[in-house]
1. Return the only residue of 176, 143, 150, 158 being surrounded by fewer than 23 Cβ atoms within 10 Å (Cβ to Cβ), within 19 Å of residue 111 (Cα to Cα) and modelled with pLDDT of 95 or more.
2. Taking into account only those residues within segment 77-106 that are outside any loop (DSSP other than H, G, I, E, B) and within 15 Å of the chain's Cα centre (by Cα), which is surrounded by the most Cβ atoms within 10 Å (Cβ to Cβ)?
3. Could you check segment 188-210 and list, in sequence order, the residues that are closer than 19 Å to residue 46 by Cα and touching a strand residue (DSSP E or B) at 6+ places or on another chain (Cβ under 8 Å)?
4. Determine, yes or no, whether residue 48 is outside the structural domain of residue 140 (by TED's automatic domain parsing), within 20 Å of residue 117 (Cβ to Cβ) and at pLDDT 95 or above.
5. Of the residues that sit in segment 33-51 and are in a helix (DSSP H, G or I) and without any contact (Cβ under 8 Å) to a residue 24 or more places away in the chain, which one is nearest to residue 84 (Cα to Cα)?
C-alpha cells in the first residue's frame, strides 16, 4: 500500500463537539433547552440538514428551513475548530506515514471551505497530500469519483490505496474505487447501524486498532 485516505468527520477528526456548540448556541438563542451531545453527535455524519433539524426542531419541509440550515452553518463557522481534535493516536499515525514515505489525504463530503479551514486550524492542512471535497467532483460519496481523483492527484493506482471511513457510503465508495477499505465503528454511527455489514475489508473498533491495522498493511 502506497497511500492512506481518510474520511474527515468521525474518522480522522472528532468534529462533533463543534456541531454541539453550534447547535446548542442556536437553541439557547431560541429559548430552547440544550440537547445532549450524544444526540447531536449521532447526526453529524448526516450533515448540516440533519443537525439543523435538531437545532430548530423542524424538518426540511418547514417554510424557513433553508434559513435554519444557513443559520446552523453560520454558527458552525463561528465555532469551527473550537473543540474538534484528531482522534487519539492519529496524529502520531500521520507522522509515521510521512516518515515512511506513505502519502495520506482526505476525501470528505464536507464542503471545501469548512474542511480546509478546519484542517488549517488543526495544523494538518499543509501535511495533507490531497483534499477532495464535493466541490471538486460531480458525484460525492458513495460515488467513487472523489477517491479516484485523490489517487490520480497522488499519482498512485487506486488499488494501492487504503480508504478509511465511518459510514456505509465511505465503504461503498472505497470498494467501487478498488481500494482496500477499513470501516471504523468509533465514529458517528446511528444506534442501529453495524459497520460489520458494510462489506469493508477490515472493521476496527478504536482509533488505536485503526493505527495498528494501517501500520500492518503498509509494512
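The values are calculated or read from the model by the stated rules, or taken from the named source; none is laboratory data. As the structure is a computational prediction, the values presented were derived from the model and not from experiment. All Cβ positions, glycine included, derive from the backbone under ideal geometry; neighbour counts span all protein chains shown.
1. Matching residue, one of 176, 143, 150, 158: 143.
2. Applying the first criterion (outside any loop (DSSP other than H, G, I, E, B)) to segment 77-106 yields 77-79, 85-86, 90-99, 103-106.
Still in the running and within 15 Å of the chain's Cα centre (by Cα): 85-86, 90, 104-106.
Working: 85: 13, 86: 19, 90: 22, 104: 23, 105: 21, 106: 25.
Ranking the qualifying residues of segment 77-106, first place goes to 106.
3. Pass one, segment 188-210, residues closer than 19 Å to residue 46 by Cα: 188-195, 197-198.
If the condition is that a residue be closer than 19 Å to residue 46 by Cα and touching a strand residue (DSSP E or B) at 6+ places or on another chain (Cβ under 8 Å), then 188, 195, 198 are the ones that fit.
4. Criteria not met by residue 48.
5. Checking each candidate, the answer is 37.
Here is a yes/no grid of residues against (1) more than 15 Å from the chain's Cα centre (by Cα); (2) part of a loop (DSSP other than H, G, I, E, B); (3) crowded, with 22+ Cβ neighbours inside 10 Å:
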{"site": "11", "(1), (2), (3)": "no, yes, yes"}
{"site": "22", "(1), (2), (3)": "yes, no, yes"}
{"site": "31", "(1), (2), (3)": "yes, yes, no"}
{"site": "55", "(1), (2), (3)": "yes, no, yes"}
{"site": "63", "(1), (2), (3)": "yes, yes, no"}
